[in-house]
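Working notes, structure below.
The values are calculated or read from the model by the stated rules, or taken from the named source; none is laboratory data. Because the structure is a prediction, the values reported are computed rather than measured. Neighbour counts run over all protein chains shown; Cβ positions are idealised from the backbone, glycine included. Keep in mind that these areas ignore ligands, DNA and RNA; they rest on the heavy atoms of the full protein, side chains included. Shrake-Rupley method; radii C 1.70, N 1.55, O 1.52, S 1.80 Å.
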Amino acid sequence: MKDFDVARLVQRVAVPVLAVIFALIVGGFLVAASGYPPADASFTVMQSAFSCSPAYCNFATVLTTAAPLILTTLGAILVLSAGLFSIGQEGQYGLGGLAAVVVGYAIPLPEGLHAAAALLAGAIAGAAVGVIPAVFRIFLGANELIVSIILNSIVMLVLSYLVNYPLRQSGGSASYTEVVDETARLAVFDPATKLGMNIVIALAFVVIVWVYLRRSTWGYEQRMAGAASAFARYSGMRTRVAVIRAAALGGALAGIGGGIQVIGMNYRVIDGFMDGTGFNGLTAAILGGMTVFGGALAALLFSAITVGAVNGLQIMMGIPREIGATVLALMIVFVSVQAPLVERLELWLSKKRGAAEIARRAAESPDASPPTAAPPPDRTDAASSLLASTAAGAPAPGLEEA
Amino acid sequence: MDAILNFFSSEMLHSGIRLTTPILLGAIASALSSRAGVLNLAIEAKMLVGAFVGLLALDAGGSTFTAILAAFLAGAITGGLMAGAHRLGVDLIVFAIGLNMLALELSVYLMRVLFGGTGVWTPEVDTLDDIHIPFIESIPFLGDLLSGYNVLVYLAFAAAIAFTLFFRYRPGRHLLAIGEAPGAAAAAGIAVPRYQATSLIVAGGVAAVGGAFLTVGELGLFTRGMTDGAGWIAVTAALLAMNRPGFLIPASLLFGFSDAFAIRLQSTTDLPQVVVQLLPFLATLVVLGIVGYRATRAAALLGMPKRPRGAAKRPQPATSTAGS
Amino acid sequence: MHTKTPRLIAAAALGAGALILSGCSGPSAADSGSDDTFSATLVGGVAGDLSYTDTTLAGLEQAAEELGVTTKHIETPDAAQGETLLRSAIPTSPDLLLSITLPLDTVISIAEQYPDQLIALPDQGDEGTELPDNVAAYTINVHEGSFLAGVVAGAMTESHVVGAVIGGQAPGLDQFALAYKQGVLAACPDCEVKLSYLNFQFSDPALGKSTALDLHSDGADVIFQVAGGTGTGVIEAAEENGFFAIGVDSDQDSVAPGTVITSMLKRVDANVFSLIEAAQNGDFASGYTQVGLADGATGLSWDTGSTVFEENAPAEAAAKIPAIKELVEDYRSQILDGSLAVCDALNEPDSEACAALG
């Protein structure tokens, strides 16, 4: 058994790494097509993302950019792991940011408390947006994925209207809100990049969400609601409550993401604030295999590639910055394709092993039962199908017990 | 009364129909995929591919016809990729998210590499000519409604009607069966994978023509993300139509005209556009709620276990379709 | 279902590790511009909008060619990332950092943080805020040029209905729109001026086209566009439907020869050039500088000798131009000698001239 597990572990690590490498190779070809040596390009990306000098730390920029992204990633993971395929993080992020700004400039509060109140407002706004798809799914039986897409459009329209008209800074010539009070701004450690409490808050939530999902009853309930809803119901869990709670908490996280972007960086909402940070969070969640730490790392990788592509490729080498996001998109495509491939590979391996086992037993006793194919994995909801591969990857029960 | 008539100017009709066209083509693609049991969220990607490749072909010296054909083929290839991924058992939602992002970024990257470092590409090309229908053109209202568009506008509406008729025939019925219950359809001897693959490929082509309408048909230029979410609106419109072919035209018209209406509104009144722009989205939410609720109720009355209807619309697990 | 946790973490960790390792070994990114040539970096906008950003870039290019300075442009496609990008430009220590589209208070806070970094704002309305010593801002009196564009429209129209497509309703854009209206009414008192405000969409040509056609259906036969990239759709609509358009920001006369009568220039390029030139010569002057018609910072494309319209327009339209030019010159001298007050909706929205326009 031991040797088999090692083989499986190798596959499990090797195949996604292959997907990432594949994306990088294709990206390299694209860079070569634009007339630049790909090796130089990738070197420049890494250098512009990770180098640090006393005057200016590029990696701090990566962390600042990653902070809100990590929160939208966590929001996506929380919702998706409850079996709710909501991609409304973008809208939650947008409205969360706006709510935080309004509290930040309209309500005078003492320092510290003010920032907390702003983030709380962001969380509430995000949760309010986040809970709608869950309500539609549970009480009306509507497809929550579609509802969340529509909500993104609605929030986008409303946000643009609010920023341009009622909440527009008076006298300003461009489209943005008032600036939040000094008391509402997050503390900054590195004034050059505004790295500060934003990344601390983001990392704190990484730990909190991990503890919540892994170590709390609520987290267990929602994971079960996502992974095996029938089982969860029969064992007396209130899956509806668990799913709605997950949607609200996921929305709150994305809303806080919007909040730390505005009280940690921009100090106001600018028209065009919804720039894909919520959507990228979903992407990072997928790249990170829907796990808390994986997602956080993917969010970091995402920011590093984006910052590296802009600061390095575009500014230093003149290669269009879109190559960074192109490579990320390729990673998503390849990772999505790799999941069923691994599944098939494992199925094939376990069949081969099974056949060998049966042949061996048939040689010992003539009345062994014939092999059964692995049962189709129970993956009625998309979120668990994302995670994929394990159900079918496990050896068929008949063989295991025989 | 005059004020009302004045509000519904001939140009508003024209704008409404023109803005509807890409949405309608995308909605056909979305409904076709849904009917084959696949939630196709990559409509936006296919539109962008069509917009870019169409203009590329036109600039390379092709006629407008070859440009549209090239766009169709490029979209069909993208659809083919999706079909292949589906066959493998790939989660098509994730795949579509990747494709959308890829189309958005790669089109701009290629544009910049091929045509210089700027954010817009304006080749010297002639876009499609408008067709003026004799006689009808001179009828007041009707002339504005029916005449003076390029060929893709007529093609889009014709495609929607053809799509409706398609369901009256055998292959269409098979497709319906697949969308409702792939397992049963397979048991009845329908070649489910082939139908699904064909649907995805055709849907890709149709959506791409919707994108080509913007570049080859209307503007003759390409900018970053120039479909501006039309693909997502198309998916929404298809849902508003409950994926019924006969409802696609009115649903798409609602989205197209709400934009035209908003343009008109802000040049004649002080009402914020957002009010009008929100309407079709809110309407879709209501429709989704009602449809879902009725399906849940019906299931309950028949004594079936409550299951969100949405779940049935998701891509089927790999083994149930790819393996069958 | 949770056993696969390690695989992607491992993959991501591997990737990130590789990146960090290689990142440490490289030379610092910050030591680029150490040679003697003067360097200028522009942050903001998106190249290829055929309008605002492109005009600004033209100034940067001109400076590179004529002054021999090293130039760079950092685009800010996402508004929320603008500040980060401006900040990341500072360690490359350009001799002059130019910024467009970022909020003034953001620029000021960065300038205060880096008092040795010279920062120039080639197009910045005077918001009444004091500028630090290392910041220079040029304010362009676009209302003066827009008035002249209005005169052209008012003198050109046959239908006595003229329109304008404006990116959004804001003081900075009304500075164009209201002065334009005033100019139309000066040349054609019984004309109707239809102003169509968009919802701050500056990169949607299809919308611009629809809006222009809508105005045209209401009788407008000359339409002024103040909508950036969206405005290319306005010109397209005019070209296809045989009415006239007036371009904005840069010289757009040749975008559709014979359709674009003239362009209302906002010479951000000239400001960029003079700001770079001054800084290179050590004459960097902090604070606000107002530039207008007198400095050639605003005006019409005709001022720079454009005759594209006359050469390509239908004969009857082209025949009107000489008379219109005279009229324009007449108003220009009135503005320059101060006898005519043009409404400045950005800086003096309560002035008499603006009040008369409603």
Cα-based Debye curve of the stretch C:207-264 sampled at q = 0.14, 0.16, 0.26 Å⁻¹ gives log₁₀ I(q)/I(0) of -0.27, -0.36, -0.97
I'm checking a number: the convex hull volume of the Cα atoms of the stretch C:53-152, normalised per residue, in Å³. What is it?
132 Å³
Please compute, for peptide A:331-344, the average count of beta-carbon atoms on other protein chains lying within 10 Å of each residue's beta-carbon.
6
Computed about the Cα centre, the charge dipole of the protein assembly as shown from +1 Lys/Arg and -1 Asp/Glu charges at the Cβ has a magnitude in debye, to the nearest 20, of 8020 debye
Once you have a ≥ b ≥ c as the square roots of the Cα gyration tensor eigenvalues for the stretch B:1-110, tell me rounded if a/c is under 1.5, and otherwise prolate or oblate according to whether a/b is larger than b/c.
oblate
For residue A:239, the net charge from surrounding residues (Cβ-Cβ under 10 Å; K, R +1; D, E -1) works out to +2
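How high is the relative contact order of the stretch C:196-280, in percent, with contacts defined as C-alpha pairs under 8 Å that are six or more residues apart?
Relative contact order here is 22 percent.
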The stretch B:248-256 - phi-based ³J(HN,Hα) in whole Hz, Karplus 6.51/-1.76/1.60, Gly and Pro as x
4, 5, x, 5, 5, 4, 4, 5, x
Calculate how steeply helix B:273-301 sits against the longest principal axis of the alpha-carbon atoms of chain B, using the helix alpha-carbon long axis, and give the answer as 0 to 90 degrees to the nearest 10.
20 degrees
Per principal axis, largest first, the Cα atoms of the protein assembly as shown extend in Å by 112, 76, 55
Of all beta bridges DSSP finds with both residues in the protein assembly as shown, what is the antiparallel percent, to the nearest 5?
25 percent
Helix-derived [θ] at 222 nm for chain A: sum -39500 (n - 2.57) over DSSP H runs of at least 4, divide by residue count, nearest 500?
-23500 deg cm²/dmol
Taking only the alpha-carbon atoms of the stretch B:106-250, the convex hull volume per residue, in cubic angstrom, is 148 Å³
In the B-C interface, the accessible area buried, summed over both sides, Å² (probe 1.4 Å):
1900 Å²
Treating the beta-carbon of each Lys and Arg as +1 and of each Asp and Glu as -1, no other charges, what is the dipole magnitude of chain B about its Cα centre, to the nearest 20 debye?
1940 debye
What helix-only [θ] at 222 nm does chain C give? Using -39500 (n - 2.57) per DSSP H run of at least 4, over all residues, to the nearest 500, the answer is -13500 deg cm²/dmol
With each run of n ≥ 4 DSSP H residues scored as -39500 (n - 2.57), what mean residue ellipticity at 222 nm is computed for chain B after dividing by its residue count and rounding to the nearest 500 deg cm²/dmol?
-23500 deg cm²/dmol
Suppose a student asked you for the relative contact order of the stretch B:2-322, using Cα pairs under 8 Å spaced at least 6 residues apart; what percent would you report?
36 percent
So which of B:46/C:209; C:209/C:320; C:266/C:325; C:181/C:266 end up more than 22 Å apart, counting from Cα to Cα?
B:46/C:209; C:209/C:320
If we sort B:76-82, A:26-32, C:61-67, A:214-220 on the protection proxy, mean other Cβ atoms within 10 Å, highest first, what's the order?
B:76-82, A:26-32, C:61-67, A:214-220
Relative to the first principal axis of the alpha-carbon coordinates of chain C, what is the inclination of helix C:52-67, with its axis defined by its Cα atoms, in degrees from 0 to 90 and to the nearest 10?
70 degrees
So how much slack lies between residue A:360 and residue A:29, counting 0.36 nm per residue of separation and subtracting their Cα-Cα distance, in nm?
114.2 nm
Calculate the translational D of the stretch B:186-263 in whole µm² s⁻¹ from Stokes-Einstein, where the hydrodynamic radius comes from the Kirkwood formula applied to all Cα pairs, the temperature is 20 °C and the viscosity 1.002 mPa s.
146 µm²/s
DSSP H segments from chain A that extend 30 Å or more along their own axis, Cα-based, with Kyte-Doolittle mean of 1.0 or above
A:2-33, A:58-80, A:113-140, A:239-261
For chain B, take the longest principal axis of its alpha carbons; what is the angle in degrees between that and the long axis of helix B:43-59, to the nearest 10 within 0 to 90?
40 degrees
Under the Karplus curve 6.51 cos²θ - 1.76 cosθ + 1.60, θ = phi - 60°, whole-Hz ³J(HN,Hα) for the stretch C:268-278, x wherever Gly or Pro sits:
4, 4, 5, 5, 4, 4, 5, 5, 5, 4, 4
Going out from 0 in 5 Å bins, what whole percent of all Cα-Cα distances in the stretch A:283-351 drops into each bin?
4, 17, 18, 18, 15, 12, 8, 4, 3, 1, 0
Taking a ≥ b ≥ c as the square roots of the Cα gyration tensor eigenvalues, with a/c under 1.5 meaning rounded and otherwise prolate when a/b beats b/c or oblate if not, chain B comes out oblate
Most positive-pole-ward Cα, A:227, A:70, A:158, against dipole of the stretch A:35-319 from beta carbon charges
A:227
Looking only at aspartates and glutamates whose Cα falls under 18 Å of residue C:194's and that sit 8 or more positions away or on another chain, we get B:11, B:270, C:158, C:174, C:214, C:218, C:221
Could you state the per residue volume, in Å³, of the convex hull enclosing the Cα atoms of chain A?
172 Å³
Burial ranking of peptide ranges B:60-72, A:324-336, A:281-293 (average Cβ count within 10 Å, highest at the top):
A:281-293, A:324-336, B:60-72
Check: the stretch A:35-319 dipole with +1 on Lys, Arg Cβ and -1 on Asp, Glu Cβ, in debye:
900 debye
When the distances between all Cα atoms of chain C are binned every 10 Å from zero, what whole-number percent does each bin get?
5, 23, 29, 21, 12, 6, 3, 1, 0
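Suppose R0 equals 41 Å. What FRET efficiency, 1/(1 + (r/R0)^6) with r the Cβ-Cβ distance, do residue C:348 and residue A:182 give to the nearest 0.05?
So, using R0 = 41 Å, E works out to roughly 0.85.
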May I ask for the Kirkwood hydrodynamic radius of the stretch C:43-103, worked out over all distinct Cα pairs and given in angstroms to one decimal?
12.1 Å
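Work out the mean other chain Cβ neighbour count within 10 Å for the residues of C:207-217 and drop it here as an integer.
Other-chain Cβ atoms within 10 Å of each residue's Cβ, averaged: 6.
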Using the alpha carbon gyration tensor of the stretch A:180-254, what are the three equivalent-ellipsoid semi-axes (square root of 5 times each eigenvalue), largest first, in whole Å?
36, 12, 8
